[in-house]
1. Run the numbers for ASP171 and MET34: contour at 0.36 nm per residue of separation, minus the present Cα-Cα distance, in nm.
2. Leaving out ligands and nucleic acids, note down the accessible area per residue over the chain with a 1.4 angstrom probe, in whole Å².
3. Using Cα-Cα distances under 8 Å and only pairs 6 or more residues apart, what relative contact order does the chain have, in percent?
4. Quick one: pull the percent of accessible area on the chain belonging to carbon and sulfur, 1.4 Å probe, ligands and nucleic acids left out.
5. Pairs of alpha-carbon atoms within less than 8 angstrom and 6+ residues apart define the contacts here; what relative contact order does region 86-202 have, in percent?
6. Using the crude model of +1 on Lys and Arg Cβ and -1 on Asp and Glu Cβ, and no other charge, please compute the dipole size for the chain relative to its Cα centre, in debye to 20.
7. Rank by packing, highest mean first: peptides 118-130, 37-49, 7-19, with packing defined as the count of other Cβ atoms within 10 Å averaged across residues.
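The values are calculated or read from the model by the stated rules, or taken from the named source; none is laboratory data. Values in this document were obtained by computation on a predicted structure and should not be read as measured data. Using ideal geometry, Cβ is built from the backbone for each residue, glycine included, and neighbour counts are taken over all protein chains shown. When the accessible area is computed, the model is the full protein with side chains, heavy atoms only, and any ligands, DNA or RNA have been set aside. Shrake-Rupley method; radii C 1.70, N 1.55, O 1.52, S 1.80 Å.
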Amino acid sequence: MILYDYPGGPNPRRVRIFLAEKGIAVPMETVDIMTRRNRQPDFLEKNPTGGIPILELDDGTCISESVAICRYFEELHPEPPLFGTGAKQRAIVEMWLRRVELNLMVPIGMVWVHGHPLTAKLIRQIPEAAAQNRVRAAMGYKLLNDQLAENEFIAGDAYSVVDAVALATYDFGAGLVGVPPEDDLTHLACWHAAVSARPSATA
Ligand SMILES: N[C@@H](CCC(=O)N[C@@H](CS)C(=O)NCC(=O)O)C(=O)O
């Protein structure tokens, strides 16, 4: 098995944080997305949508989508459970995964592609799309802040895959993309400090 990784990207980082929380070591190979290595025919065969990470199994099966890769490892190594236990908690984890993806990662990604000089060569940027998605990202951060007012972690009392996904998203947004949360989102700030202090955050 091999995990195709890119150290600077938020989606591969989700998987690395998840694996670190599980204590699982997986052989990794860096694929340089800046040189478009991931868009060469051999990689498009592994993942037609072109994104990294990709997990290639020994039988040649390729699993892409960061959360799908995490789910695969959850099945193989159920402890500690990071996708929730029991019908209710599993559904809550899934709900927050979707909320983080749709309300935070998507708008941050749109600001990245429509508003950042590093992506200007890749598409025809629409500055209004970047501006509109800054507002959506601010709403996404607020959604998490409100949830964290009552909960230690995003999906409740226990650390879950949602925290790994949200941490990678937050750091990408607040860092490279330049879309940090508002200073008054104090619950989000406390959560960020706590999850960043976990050893997995350095993965
Ligand atoms: N939804 C996918 C997104 C994968 C993705 O877009 N990865 C980025 C790196 S963070 C990438 O490979 N970008 C370069 C490209 O798409 O060419 C996932 O969760 O894995």
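1. Fully extending the segment from ASP171 to MET34 adds 47.4 nm.
2. Values: 10280 Å² over 203 residues.
With the other protein chains kept in place, the chain gives 51 Å² per residue.
3. Relative contact order comes out at 22 percent.
4. C and S atoms contribute 56 percent here.
5. RCO, region 86-202: 27 percent.
6. 600 debye
7. Going from most to least packed, we get 7-19, 37-49, 118-130.
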